[in-house]
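Here is the structure we will look at.
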Amino acid sequence: MNERTVGKQTVGQRPSEYYRQLTEVLRAALGDPDDLHRSSPLFYTETALEVLLATILTQATSDKNALQAWLAFKKAYTGPEQVLQTSEIVLSSIISSGGLGRQKSKTIRAVLGEVQAKLGEEYSLASLKDDPQWAWTFLNQLPGIGPKTAACTMLFGLGLPYFPVDVHIHRIAKRLKWVSGPVEPAVLQQYLSHQIPAEFQQDLHILLLNLGRRYCRPQHPDCTLCPLKQCPRQF
């Protein structure tokens, strides 16, 4: 295993075969990623813009609550222009099941306004796929959007190789010794986006999320039943 520096930390450079085996081990233990993904509102999106909005609703809440909020949002609005025609208070009430309704309502309306101003009346992010670097810059400049939400939009909305790192994956990466010492999630995300082969990124993201929820919990992780019994050693 080779090493490189990420921020101020030394991390391992693992071969593609490592991530293939990791994906297969987790798939066998946790189930098919497509089935697991059904609990997320991102599964019920049709465009990159919808992925972006649905990801906003997942912030600081459970998938169950976010999904309920997203389905209510979809039922209430047939298009982005309707969201901008309604008030922040009304939108907040519609998505309240996801928590932080006022804050997320403000973010959604601000994002749609910016998309309309920069990309036109069609409210489409499809053109961003042609220029990944510009897409990444554009998404991160949107009001209320951080690197994790931008990466979810890139991966699940535009099909571009960006590996989102949330609290679960950040924790697992440290426990698997992918990185030693403190490293910001955004920095780790940038590294893993280049390190993990594109063909495994979507499935592995979903699988690691579920690993963190079921076994590799912040407190009292269930190491006895965890499918990665060799942790933190290599496969």
Could you tell me whether region 69-86 includes any residue that is at pLDDT 95 or above, part of a helix (DSSP H, G or I), of a type outside the set (A, V, I, L, M) and under 17 Å from Cys152 (Cβ atoms)? yes
Given the condition surrounded by fewer than 14 Cβ atoms within 10 Å (Cβ to Cβ), among the β-branched types (Val, Ile, Thr) and modelled with pLDDT under 95, answer yes or no: does some residue in region 11-32 qualify? no
Just to be sure, is Val183 in a loop (DSSP other than H, G, I, E, B), touching a Pro at 6+ places or on another chain (Cβ under 7 Å) and either in the same structural domain as Pro15 (by TED's automatic domain parsing) or closer than 22 Å to Pro41 by Cα (or both)? no
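This table checks each residue for (1) under 18 Å from the mean Cα position of the chain (by Cα); (2) touching a residue at least 12 places away in the same chain (Cβ under 8 Å).
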{"residue": "Gln85", "(1), (2)": "no, no"}
{"residue": "Leu91", "(1), (2)": "no, yes"}
{"residue": "Val115", "(1), (2)": "no, yes"}
{"residue": "Leu119", "(1), (2)": "no, no"}
{"residue": "Ser127", "(1), (2)": "no, no"}
{"residue": "Asp130", "(1), (2)": "no, no"}
{"residue": "Trp136", "(1), (2)": "yes, yes"}
Cβ-Cβ under 6 Å pairs, at least 6 apart or on other chains, region 215-227 side loosely packed, with under 13 Cβ neighbours inside 10 Å, far side part of a loop (DSSP other than H, G, I, E, B): Asp222/Tyr215
Matching option when the condition is among the aliphatic types (A, V, I, L, M), closer than 17 Å to Arg14 by Cα, touching a helix residue (DSSP H, G or I) at 6+ places or on another chain (Cβ under 6 Å) and crowded, with 20+ Cβ neighbours inside 10 Å, among Leu192, Leu204, Leu209: Leu204
Count, please, the residues in region 172-184 that happen to be surrounded by fewer than 18 Cβ atoms within 10 Å (Cβ to Cβ) and in contact (Cβ under 8 Å) with a residue 24 or more places away in the chain. 6
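The values are calculated or read from the model by the stated rules, or taken from the named source; none is laboratory data. Treat the numbers as computed from the prediction; the structure is a model and nothing was measured. Cβ: placed from backbone, ideal geometry, glycine included. Neighbour counts: every protein chain shown.
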